[in-house]
1. Among A:265, A:114, B:505, A:252, which comes first, second and so on when ranked by fewest other beta-carbon atoms within 10 Å?
2. Could I have the simple spin-label model distance between residue B:253 and residue A:32, label points 7 Å from Cα toward Cβ, reported in nm to one decimal?
3. What is the fewest-to-most order of A:157, B:25, A:243 by other Cβ atoms lying within 10 Å of their Cβ?
4. Looking at the square roots a ≥ b ≥ c of the eigenvalues of the Cα gyration tensor of region B:339-447, which shape do they give, rounded for a/c under 1.5, prolate if a/b is larger than b/c, or oblate?
5. At a Cα cut-off below 16 Å, give the lysines reachable from residue B:519, other chains included and same-chain residues fewer than 8 away excluded.
6. If contacts are Cα pairs under 8 angstrom and at least 6 residues apart, what is the relative contact order of region A:147-339 in percent?
7. What average number of partner chain Cβ atoms lie no more than 10 Å from the Cβ of the residues making up B:322-334?
8. Thinking of region A:147-339 as a set of Cα atoms, what percent of all their pairs are more than 20 Å apart?
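The numbers here are math on the coordinates, done by the rules we state, and not lab data. This is a predicted model, so every value here is computed, not measured. Here the Cβ is made from the backbone with ideal geometry for all residues, glycine too, and neighbour counts use every protein chain on show.
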Amino acid sequence: MNKNTFLYISILALFTMAGCKKDSKVEGPELVDIFGDFQIMEPLKGSASTADFAAGDVIYYHAKLSIRTNWTVEVIGLNSGARKTFTGNDKDFSLNQLAWNGTITFAPFFRKNEPCVARMTFANYPDTLYSDTLTITAVRPTPEVDILIDDFESTIKPYNTFTEGQQAFNGTSVNYQGVSPAEKTRFYVLAGNHGPTASLFLCGMNLTSKISMGTEENYYQFATDNPSKVYFNAFIYGWGDNKAELSIEFQEDDNKDGVYQPAEEGAYTYRIPINWTGWKLVSFSYADTKISTSGGFGNVDRTGKKDLDRIIATQYLLLAQAGTSGNTKVGIDFASFTYNSPFQP
Amino acid sequence: MKAIFTYSILGFLCLPLGVLAQDKKVDFFGSGRFSLNNSNLSGKLIETDTTTARKQMTGYSLFDLGFHIRPNEETEIKAITRVSNDINGFWGAGITFYLRELYLRGLMFKRIRYQVGDLNTKMTPYTLYNPEGELYKNNPLAFNTFTEVINYDKFYGTNSWRQQGATADMGFDFDKLIDHLHVKGLITKNRQTDYFSTPDRLLAGATVEAKAFKQLTLSYNLTSVFDVKQSAMFSDAQFKNKVHSFGASEKIALAGLDLNLLAEFGKSTASYEGVANVPTIPDGSFLDAGFALNNKLNTWQISASYRSVETSFRSMGAQSRRVDYSNLSTEYPYYTNRESQRPVTILEVLTDEAYYNMFLSPGLKNYNPAYENMLPYGKATPNRQGGEVKLGWNTSNKQLLKLGADAAVYNEITGQGTTNLRSFTNIEFYADLGLNELYKGKKKLHVGAYMRNQNTQRSGNEGIDKISLKSTQVKLGVEYEIIPKLEFQVAAILLQASGNEYIAERNGYNEITFYNAFKADLNETLLLGGINYQFSKNNCLKLQFHQMNWDNQLLPNNQYKINRFAVLYNLFF
């Protein structure tokens, strides 16, 4: 038995393998469907030439390609410059997949009686497709946000600002370097200068919930304690220099004594590399935030969890992306919380 | 059957027994390190790149202080604290202080060994195993301290993953049929819940190993990764991944030869429960069988093995990768005026621990085909079948000469996006020569050389499914002892890759959803020169000059050189 044991086991193993289900012959999508000849089978077209978004109209865009490839469709307001973008890689996207209800990705907003055109570009091919012009007869009503953190319209609101070194600007502005606000008349700017080996932190602004709401309450009054159902939203302006990163931080007063103690109480952050030009609407759920990783700055949470009902302040930090140097900046406008889904103006 | 309980002397817990036998109740140990890299960027890149700083200085100093505390003969507590300071952290701003390691271990009932707290977990290459990363084989000795630092900081140990939890093991001796039975169990926490949408994830494992007839070892290993239901109140999703593995090995003494027969086979299951519209993941199986033969003097060795791992085989504990290409390098993380992420080079793989990962991943993470395309997830790489042969020879004085050659041929089992299958060939040669042994010189003069050629082919239509990718690595190292303890070291590593591949994009369920075309016409050269002062076996100072040249002919304007002066002082005590 001794000498033959290994043989028996080997035979058993081979039989086990032979008895196993065999894999199918092809894994994943067909390569020919991605790297075959690229052709436009049907041009880009919208489902209508006018849209009354106030009445709930939805425009469906459609095109048909010979292969799957990465594409971007941008609906551009020809007067306002507003943009709504869609990305995908389908070759025959069904009408339901590219449905536009008048919302924006990049501010400002689309305007009444504005002509719009959809432009389709491809990551790997130089072709560009344009749809016929669409006229917006009525714009989509701007939905209400559930909690407005700040529209940065006030010139006297006591923002708590702080900086490290070569700060250039930290406050609200009507028109900063030729940039108009995304909403109304003012927006907030964080700007600073940094060297290649300097600290990544440039400057920041802290806004307590009490000042934000203008009431005596220390904390935002959310209708739910579920972090996955609460979305933070803001228009973020990028100057396209790929140097800035915005860290949005939510400070939780874990012991509810009315004072945030960074060494003992948790702070949850969401970091956004600013790699675009223009006003982009950024939204994320509170569940997507991560606890601060900075020792003594919110990395210890007394309750050990995210507590929406203890958010005592929101903080906005301008960080430099690693390996960069020089001036960089970011704009913020119309920061808000919404329930269940991101803000979709 | 008369069974006699005994404690086993197998596995990693053999250390505490020795420690427990010591007299002192408390002793101290630790490590200290200082690392400084002063780098300069040059090359064609800087003609067009006006944003990347030309010079960068990075580094840190750290000190680990560890305690072994033995409150009684059967209990030991180990704790290591770390204080580290970045080179750019002035006036304490860059200081971090934390507990690096903490566990308690000991004996219960004088029979059961246990450990709670931090654990180094390892089973077999298909169940729970930390496969080596790219470029790990036969590196010149000039790089060994960098490798030791990465392995120490990331707790890689001997192919183990650092986890937190509890383990226990015990052994039984028998007087009939089975000589010895060893049983081990572990449970560790793999992921922390956020209490809302991300549940806790645990890893449980068990090993049963029986030795019989003095020569035969039979084993069963099980790993089970599962999400804990109701640990996140707004998520019903539950990921489960189980791997069953059966192993056998037998040592046979032939005429003047030692023959070791080895086999392991098993099966995996994976599922996502409580989520709508999830795909059904088929079970996957694997088989690994082979032998190793050497003479009694161990001056030559030959081994061969056959391996088949099905496409659907999933083992979170064995398919997680060390090198994570999505991380940013410590030096020059971005380049070009577009501030693109700088591609990983051999300099980073060998010296930058920022790329090294410590966490088990449920998904198959991306890899760089130019560095490793045949077995990017180690032996447990899915969708592979083939075999390998290894030959080794050395003189009876092992310091004099060692020669070896490895050859491997693998195929895919399932085509990716086509019915045509990839085939892989890999050939390696290495030599270690102690020249001073040859002429009986007193001063060490060692030369090491290694060459690897890896080839991936797939027939098909040009530009659609045809693949031809070749990569070659050459490593050379020379160390010369100038005076006792002081060595002059030079090394060169060359990597050349050319051809095309397709990199699969996978969704959260590991299904391939898209492919990205990958092309390479890459030449990387890393040259090193410096000195090493070896204060003692565990204490050295390295002063080195590195020159890294990265030249991708597909991006000719991005060619660059990094000239780096590196200081590394390392001490373990």
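1. On the way: A:265 23, A:114 17, B:505 14, A:252 26.
The fewest-first ordering by Cβ neighbours comes to B:505, A:114, A:265, A:252.
2. 6.2 nm
3. On the way: A:157 13, B:25 10, A:243 26.
The fewest-first ordering by Cβ neighbours comes to B:25, A:157, A:243.
4. Working: a/c = 3.02, a/b = 1.59, b/c = 1.90.
Oblate.
5. Partners found: B:466, B:470.
6. Working: 500 pairs, mean separation 64.6, N = 193.
Contact order relative to length: 33 percent.
7. Numbers: counts 0, 0, 0, 0, 0, 0, 3, 2, 2, 2, 3, 4, 6.
Taking all residues of B:322-334 together, the mean is 2.
8. Working: 9839 of 18528 pairs.
For region A:147-339, the share of Cα pairs beyond 20 Å comes to 53 percent.
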